[in-house]
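This report concerns only the one structure given below.
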Ligand code: NAD
């Protein structure tokens, strides 16, 4: 059996005492065992990062830029290899895995502009003979803790900006699909990143909890489910760390009567069932205004009947299996209980369960109401709920009452409605006739309400701010003979 090791100081480090199986979800087979980090291994990784930080944080911007460009090239040229690795452990299609690498690549390209992002400010002569300038320095050592659903993109959201700004990183990827993180770290090493600047440790809650209280960790960047994000934020800040913790989602798509219904149905199916619904920006609730609800539901159902569910490595599959058998059963349970609660099961995913692997087909639930469990919880599977509303205002009120606020979409031809919607929904990322509005790398990614704990969004300008601390220097170069004695509080007047 293959074992997946940690990667510390550019070297494979084993931990055999506790291991966890890694599955190929498309077949249900165990393909590897991953060693779960002991406290000693966590300590080794953090110590190595602290040692590296002394040199890395003072390295020149041009030398860091060269490494980032070299890594960008390696990432692009290894995209097929990485996509195959992602599909094997995660189950998503190869095309989808390539897509996540492309979005991660965007973040590396943004970080390549680090010399520009780290420019400070200068104000000459704020008072007589006094100048002020500011500059940003690295925070130190960052723990990056990532979910299973984007094993390349989410680590790259964090690593690219963190190392560009002079930090060292201890990455703890999901133990369910851990190989991509190690391969990425090997490519960073090949690009010239010095040993210790990026270490990878595998593990479960125990490894995360050790990182959260480790005195050698300065900041924690987390992406995962809401209960864990809350825990990370609470414990990390209590231990005095800077924390950004992105959580789960329940993303709505409001379809107004004037929308192009074919475009809206295509978008709902693509965003609802792509990657088997295991995306934090997946659409999971279609909010249909009564006037067009019947027609929209039948257009979505027609499209479901044309989908092929299968092994992600097969180019004909539209989406693949879920991550584990337990998760597949959890998703199936929501659909069964929704029917019992009064929803109409227009399509069920049950038909895909009988074959080997962790498959569940596309499910469509109509007549869902806000108190139902299938509406309240993040299901994280190929299940679309349809909630019918009488008016646009009722749709917006429903969205704003939901505790999650990650992404939302509006489908309409009415510019004024779109403008009103953008200004009034309490959600961080908004799409107008765009169903998965993941911001480009020069903006930042983050939700509102229970989708984000802490104030800093991920990547882009807020990523640079999160990974750096600002310093302001006030300086005066007086003529040697001038008396400086003044016990009053300094002012600029
Ligand atoms: P998860 O919360 O179970 O795990 C995330 C990370 O936390 C993993 O590295 C895991 O090992 C660790 N972890 C799990 N349980 C823990 C515990 N009790 N204590 C400490 N650490 C723990 O999430 P997941 O199932 O891997 O990923 C799916 C979730 O991530 C979904 O809720 C999805 O919406 C969310 N997600 C959010 C975003 C976003 O940007 N907001 C992006 C991707 C995924």
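Please count how many residues of the stretch 126-149 are within 11 Å of the ligand (Cβ to nearest atom) and in a strand (DSSP E or B).
Of the residues in the stretch 126-149, the ones within 11 Å of the ligand (Cβ to nearest atom) are 143-149.
Right, trim to in a strand (DSSP E or B) and you get 143-145.
The qualifying residues number 3.
Quick grid of which residues meet (1) under 30 Å from residue 244 (Cβ atoms); (2) away from the ligand (no atom under 15 Å from the Cβ); (3) modelled with pLDDT under 95; (4) in the same structural domain as residue 318 (by TED's automatic domain parsing):
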{"residue": "353", "(1), (2), (3), (4)": "no, yes, yes, yes"}
{"residue": "397", "(1), (2), (3), (4)": "yes, yes, no, yes"}
{"residue": "417", "(1), (2), (3), (4)": "no, yes, no, yes"}
{"residue": "437", "(1), (2), (3), (4)": "yes, no, no, no"}
{"residue": "443", "(1), (2), (3), (4)": "yes, no, no, no"}
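At least 3 residues being buried (at least 18 other Cβ atoms within 10 Å of the Cβ) is the threshold, and among the strands (runs of 3 or more DSSP E) wholly inside the stretch 1-70 those reaching it are 6-8, 19-24, 29-35. Assessment of the stretch 321-344 against the conditions (surrounded by fewer than 20 Cβ atoms within 10 Å (Cβ to Cβ) and closer than 30 Å to residue 419 by Cβ) yields no matching residue. Filter the stretch 182-209 down to the residues that are near the ligand (Cβ under 10 Å from one of its atoms) and part of a helix (DSSP H, G or I), then identify the one that is farthest from the chain's Cα centre (by Cα). My answer is 206.
If the condition is being in contact with a strand residue (DSSP E or B) (Cβ under 9 Å, 6 or more places away or on another chain) and within 10 Å of the ligand (Cβ to nearest atom), then the stretch 150-173 contributes 150, 154, 157, 171, 172, 173.
Tell me which residues, restricted to the stretch 445-493, are assigned to a loop (DSSP other than H, G, I, E, B) and within 13 Å of the ligand (Cβ to nearest atom). Before the answer, list the steps.
Of the residues in the stretch 445-493, the ones assigned to a loop (DSSP other than H, G, I, E, B) are 446-447, 450-451, 454-457, 459, 467, 477-493.
Hits for the stretch 445-493 are 446, 447, 450, 451, 454, 456, 457, 459.
Of all positions in the stretch 210-220, at least one carries a residue that is away from the ligand (no atom under 15 Å from the Cβ), without any contact (Cβ under 8 Å) to a residue 24 or more places away in the chain, under 25 Å from residue 55 (Cα atoms) and not assigned by TED's automatic domain parsing to the domain that holds residue 372.
Residues in the stretch 227-281 that are within 9 Å of the ligand (Cβ to nearest atom), under 28 Å from residue 90 (Cα atoms) and surrounded by fewer than 24 Cβ atoms within 10 Å (Cβ to Cβ): 227, 228, 231, 248, 279, 281.
The values are calculated or read from the model by the stated rules, or taken from the named source; none is laboratory data. Please read these numbers as outputs of a predicted model, since none were measured by experiment. Please note: Cβ atoms are built from the backbone with ideal geometry, for glycine as well, and neighbour counts cover all protein chains shown.
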